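The values are calculated or read from the model by the stated rules, or taken from the named source; none is laboratory data. This one's a predicted model, so the numbers in the text were calculated from it and none came from an experiment. Each accessible area value is taken on the protein alone, full model and side chains, heavy atoms only, with ligands, DNA and RNA left out. Shrake-Rupley method; radii C 1.70, N 1.55, O 1.52, S 1.80 Å.
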Amino acid sequence: VFAVALVARIVFASQIVFPKPEDTAYYVDVARNLVEGRGLVSDAIWSFQTPPLEFPRPAFEVWLPLPTFLAAIPMAVLGTTFAAAQISSVLMGALVPVLAWRLAADVAADRGLPEGRARTLAIGTGLTTAVYLPLVLHSALPDSTMTYTVLVLTACLLMSRLVRDPRGGRLTDPRLIALGLVIGLTALTRNEALWLALAWVI
């Protein structure tokens, strides 16, 4: 599943040579500035509601920093090109079908499906997700979409395991610590992380 997803995303990402939507351009610009030693600043005014209305200006008045940090890692090694920035998003995007496969396998187990049907559901979900166009498209764009998706799916998998087998709910449970880290990283990706935390509380 991972191999199919990765190949599909690499082929598609090679066709996109410029950060087209403004949020993608924003993340790539800040990552480039960070790698070049200018710090977390943006060379564009994205929102006129957040002074100072000048540039370069401090980054992340609206969008959050984790996607920029992930894009900056390959850019630091391979150069400050858009293709280098795409690597993190392609890899994150290729993880989504693997997580979807695992989630479908868990659902099959919870529903008590026979082994053959469970395997078909899990692999079918993974392969469908691997080539589903909206997910392939966003995997080619270094923005928050795929990072957020990976973190939310990971949190859902951890939550279901904790609910199924709480083991007393001890704070030292590695699964609970991992869930806290995942929700924290999600909060550095999108503001909607609040709803993920609320889902865990509920």
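Report the Cα centroid-to-centroid distance between the stretch 40-118 and the stretch 161-184 in angstrom, as an integer. The distance from the Cα centre of the stretch 40-118 to that of the stretch 161-184 comes to 24 Å. Rounded to the nearest 500, the 222 nm mean residue ellipticity of the chain from helices alone is -22000 deg cm²/dmol, with -39,500 (n - 2.57) taken per DSSP H run of at least 4 residues. For the chain, the solvent-accessible area of protein heavy atoms averages 53 Å² per residue (probe radius 1.4 Å; ligands and nucleic acids excluded).
Measure nothing fancy, just the Cα-based angle from helix 115-131's long axis to the longest principal axis of the chain, in degrees from 0 to 90, nearest 10. So the inclination is approximately 10 degrees.
As a fraction of the 1.4 Å probe accessible area of the stretch 32-141, surface on carbon and sulfur atoms comes out at 67 percent. Three principal axis extents of the stretch 152-191 based on alpha-carbon atoms, in descending order, are 31, 18, 12 Å.
Compactness of the stretch 78-187 is given as radius of gyration and Dmax, 16.1, 50 Å, from Cα positions. By how many degrees, between 0 and 90 and to the nearest 10, does the Cα long axis of helix 174-187 differ from the longest principal axis of the chain? Approximately 30 degrees, to the nearest ten. The GNM of the chain, with springs linking C-alpha atoms under 10 angstrom apart, assigns the highest mean-square fluctuation among VAL163, VAL41, VAL131 to VAL163.
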